[in-house]
Amino acid sequence: MTAEYKVHGDVAVITMNNPPVNGLGYATRVGITDGLSKAIADPAVKSIVITGAGKAFSGGADIKEFGSPKATAEPNLLSVILALEASPKPIVAAMHSVAMGGGLELALGCHYRIAAPGTNIALPEVKLGLIPGAGGTMRLPRVLGVETALNMIVSGEPVKSELLAQQPGQKLFDKMASSPEALAEEALAYARSVADARPLPLVRNLPSSHPLGDAYFQFARNMVKGMSKNFPAPEKCVDAVEASTQKKFDDGMAYEREIFTALMFTPESRALRHLFVAERAASKIPDVPEDTPQREIKTVAVIGAGTMGGGIAMNFLNAGIPVKMLEMKQEALDRGLATIRKNYESQLKKGKLKQDKYDQRMALLTTTLDYNDLKDADLVIEAVFEEMGVKQKVFEKLDEVMKPGAILASNTSTLDVDKIASFTKRPQDVVGLHFFSPANVMRLLEVVRGAKTGKDVMATVMSVAKKIKKTAVVSGVCDGFIGNRMIEQYSRQAGFLLDEGATPQQVDRAIEKFGFAMGPFRMGDLAGNDIGWAIRKRRALERPNMLYSRTADKLCELGRFGQKTGAGWYDYQAGKRDAIPSELVNKMIEDHRKELGITPRKISDEEIVQRLVFSLVNEGAHIVEDGIASRASDIDMVYLTGYGFPMHRGGPMLYADQVGLFNVVQAMKRFQQNPRDDASFWEPAPLLARLAAEGKSFS
Ligand code: NAI
């Protein structure tokens with residue numbers, strides 16, 4: 001049982017106790033109703049307090065039960081709340097720390113509520129593509145008014161209890177505790193003070209209305225529509241709250257339930273729930289237990305103050321961790337420092353950063369040309385040129401100067417981390433930390449685990465990642481790690497599509513309509529087409545037989561590197577970023593087709609999307625099978641946080657699951673018939689073929 005029952009004189013106290021946030025799982029619900037029965041049966045008990053142990057009142061549904069029959073097993077949350085409402089003895093919810101989702105709905109079913117200052121109050125269901133499902137949309141408007149309640153329900157964001165308590169006419173809290181420490185005592189006293197109050201007040205009996213009526217809800221719908229592209233839940237929040245003003249309470253409850261259940265089955269909600277679970281899963285490494293000892297990271301050194309080094313340094317400064325940056329020449333240091341300043345100053349101008357914070361951050365940053373100044377750093381991250389020879393010199397030097405136990409990390413995007421580790425006598429301390437550009441903005445961090453990387457090093461960098469607010473995903477060592485290894489196949493497909501008859505703008509439009517932030521060709525123009533060109537040249541030596549479209553090389557031979565040269569796959573006007581279709585490029589692509597003897601055909605948007613996305617899926621399946629990623633959902637995290645994959649689709653692997661793996665394999669077989677395409681490209685990865693044949697999914 002995960003709720004405790006104690007009697008203090010004439011007050012019974014039911015304490016939910018299901019760490020970490022007193023999730024309302026089956027055992028907790030049973031604990032509450034059992035406690036309630038005891039309290040009602042005990043003639044000595046005159047009133048009841050419900051509260052939460054530890055760090056929360058209650059965070060709502062128990063994520064461990066997500067999607068399992070236990071989540072809805074009786075007593076379900078609705079039944080628990082009905083039982084509270086029906087209690088003949090007054091019940092006081094004593095709220096502190098966190099009262100969210102089902103936890104808040106539970107409190108709203110109590111007769112009275114007392115809250116500690118600092119309690120985070122929220123109905124965050126919308127973030128999982130849902131609406132509150134246990135009366136939240138019916139009861140919150142009744143205690144806070146329609147507008148405040150709808151704002152909270154549509155945003156899902158927490159609001160502090162003391163702010164809500166100041167709202168005129170609010171009925172959410174009957175009393176505020178003087179401090180979190182005093183809550184328990186003051187709740188007991190309050191329960192005693194209402195012991196004889198009759199009839200017992202119920203939120204359901206309060207009115208819900210808005211003075212502007214329909215006009216307000218029309219306005220709310222317009223606002224929400226703009227914000228909630230691709231997601232149905234926010235508009236449904238408006239529908240439900242509107243129903244609270246129009247329907248009888250119980251009819252409103254039924255309506256809320258109907259919407260909730262329908263949303264549960266939408267692909268968008270499935271995607272968001274997948275993301276929620278995947279994010280937590282990604283932080284766990286199967287053979288590195290949570291109690292693995294960690295090294296202390298108090299100071300950080302960054303080698304190289306270029307594009308990546310500067311951004312990486314900012315992450316740590318933002319988190320209050322001192323950084324020392326090293327370069328070969330003073331000019332390079334000055335340039336790097338100036339870029340960091342410029343970044344912060346633009347945040348300052350936009351009002352996103354306060355002057356004192358800016359000063360604090362800059363004060364944490366020091367620079368040097370001398371490796372000896374780094375020797376005491378706990379973590380050093382190398383971000384020098386992408387050449388093995390350069391990395392070798394740096395790591396040999398680090399091995400020489402750094403204190404024992406320092407973690408030596410490389411930001412390499414393509415080089416072999418095991419080889420880099422071999423330049424030191426302490427390969428157990430070496431790890432890849434692959435940031436994405438711009439490193440101070442992008443959430444993704446690929447943590448590349450070398451063959452000899454220590455478990456304590458893995459545990460440490462995973463928690464460092466959390467401190468600097470990154471989503472860390474562990475990758476094994478391979479060319480391109482998870483993200484770039486997959487994007488290579490995606491880019492190859494994009495090239496084949498041009499050879500067969502598509503234009504860059506058609507490909508970009510199709511995949512952007514699918515939801516990608518940017519199609520492959522606009523993306524190439526932004527990042528610089530020369531980067532891929534250099535990689536292809538190197539690959540041509542390593543894998544001479546790999547077939548790919550030559551169009552991208554031809555583009556680079558024309559000097560069209562993208563926005564930075566004013567022309568790429570598209571034309572650009574000076575100072576503007578709008579991509580204008582280029583006649584010259586389209587002619588170049590046509591000429592290339594002629595050289596290849598290909599008669600262009602009309603390619604549907606559907607085929608474009610499938611070929612691009614399924615190329616990711618197939619390589620993703622190889623990556624899971626090779627053990628480079630621990631689980632398919634890690635791949636989804638990489639694509640959602642680092643590559644602009646549409647959030648509402650839940651990542652390439654979940655998307656494939658939703659399409660059905662059988663259908664994915666069938667489509668791949670069709671693509672194998674294409675004339676220009678590399679037939680071996682579409683050979684389903686063994687894992688994909690097996691799961692499809694068995695009718696299973698990645699998740
Ligand atoms: P960059 O060329 O902007 O910066 C490299 C900096 O390292 C330069 O300032 C250079 O002076 C300095 N440097 C070179 N050799 C050095 C040495 N021996 N000691 C000290 N400093 C030295 O390059 P960028 O783009 O910052 O890339 C750095 C690393 O990050 C590379 O390994 C790259 O593959 C990786 N990376 C780059 C990404 C990007 O989008 N630019 C994304 C992810 C990783």
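The values are calculated or read from the model by the stated rules, or taken from the named source; none is laboratory data. Please read all numbers here as calculations on a predicted model, not as lab measurements. Using ideal geometry, Cβ is built from the backbone for each residue, glycine included, and neighbour counts are taken over all protein chains shown. Accessible surface areas use protein heavy atoms only, side chains included; no ligands, DNA or RNA. Shrake-Rupley method; radii C 1.70, N 1.55, O 1.52, S 1.80 Å.
Some observations on this one:
- Hey, Ala99 more than 30 Å from the chain's Cα centre (by Cα) and at pLDDT 95 or above or not: no
- Scanning the stretch 280-301 for any residue that is within 16 Å of the ligand (Cβ to nearest atom), buried (at least 18 other Cβ atoms within 10 Å of the Cβ), touching a residue at least 24 places away in the same chain (Cβ under 8 Å) and over 30 Å from Pro124 (Cα atoms) turns up at least one such residue.
- Among all residues of the stretch 598-607, there is none that is touching a Ser or Thr at 6+ places or on another chain (Cβ under 9 Å) and either among the hydroxyl-bearing types (Ser, Thr, Tyr) or in the same structural domain as Ser549 (by TED's automatic domain parsing) (or both).
- Some residue of the stretch 353-361 being within 16 Å of the ligand (Cβ to nearest atom) and open to solvent by 60 Å² or more (accessible area, probe 1.4 Å): no
- Subset of the stretch 34-74 [surrounded by fewer than 17 Cβ atoms within 10 Å (Cβ to Cβ) and in a loop (DSSP other than H, G, I, E, B)]: Asp42, Pro43, Ala44, Ala53, Gly54, Lys55, Phe66, Gly67, Ser68, Ala73, Glu74
- Among the conditions (1) farther than 26 Å from Cys110 by Cβ; (2) modelled with pLDDT of 95 or more; (3) among the aliphatic types (A, V, I, L, M), the only one that Ala254 does not satisfy is (1).
- In the stretch 147-173, the residues that are aliphatic (A, V, I, L, M) and within 30 Å of the chain's Cα centre (by Cα): Ala149, Leu150, Met152, Ile153, Val154, Val159, Leu163, Leu164
- Of all residues assigned to the stretch 623-633, at least one qualifies as being in contact (Cβ under 8 Å) with a residue 24 or more places away in the chain, touching a helix residue (DSSP H, G or I) at 6+ places or on another chain (Cβ under 8 Å) and either acidic (Asp, Glu) or in the same structural domain as His434 (by TED's automatic domain parsing) (or both).
- Residue in the stretch 579-594 that is assigned by TED's automatic domain parsing to the domain that holds Tyr639, of a type outside the set (A, V, I, L, M), in contact with a Pro (Cβ under 9 Å, 6 or more places away or on another chain) and closer than 22 Å to Arg485 by Cβ present: no
- Boolean, Asp429 is crowded, with 21+ Cβ neighbours inside 10 Å and within 30 Å of Ser582 (Cβ to Cβ): no
- Conditions (1) away from the ligand (no atom under 16 Å from the Cβ); (2) open to solvent by less than 10 Å² (accessible area, probe 1.4 Å); number of the one not met by Gly336: (1)
- Of everything in the stretch 542-584 that is within 18 Å of Glu595 (Cα to Cα) and of a type outside the set (A, V, I, L, M, F, W, C), the residue that is modelled with the lowest pLDDT is Tyr548.
- The residues of the stretch 362-407 that are more than 14 Å from the ligand (Cβ to nearest atom), open to solvent by less than 40 Å² (accessible area, probe 1.4 Å) and closer than 22 Å to Phe435 by Cα, listed by number, are Met362, Leu365, Ala377, Asp378, Leu379, Ala406, Ile407.
- Residue in the stretch 412-426 that is away from the ligand (no atom under 14 Å from the Cβ) and either farther than 27 Å from Phe481 by Cα or crowded, with 22+ Cβ neighbours inside 10 Å (or both) present: yes
- Here Ala527 fulfils each of the conditions (1) open to solvent by less than 40 Å² (accessible area, probe 1.4 Å); (2) within 16 Å of the ligand (Cβ to nearest atom) apart from (1).
- Considered as a group, the residues in the stretch 505-524 that are open to solvent by less than 10 Å² (accessible area, probe 1.4 Å) and in contact with a Lys or Arg (Cβ under 8 Å, 6 or more places away or on another chain) include one that is farthest from the ligand (Cβ to nearest atom), and that residue is Asp508.
- Scanning the stretch 1-33 for residues that are among the acidic types (Asp, Glu) and open to solvent by 60 Å² or more (accessible area, probe 1.4 Å) yields a single hit, Glu4.
- For the stretch 302-326, the set of residues classified as in contact (Cβ under 8 Å) with a residue 60 or more places away in the chain, more than 11 Å from the ligand (Cβ to nearest atom) and not β-branched (Val, Ile, Thr) consists of Met314, Asn315, Phe316, Asn318, Ala319, listed by residue number.
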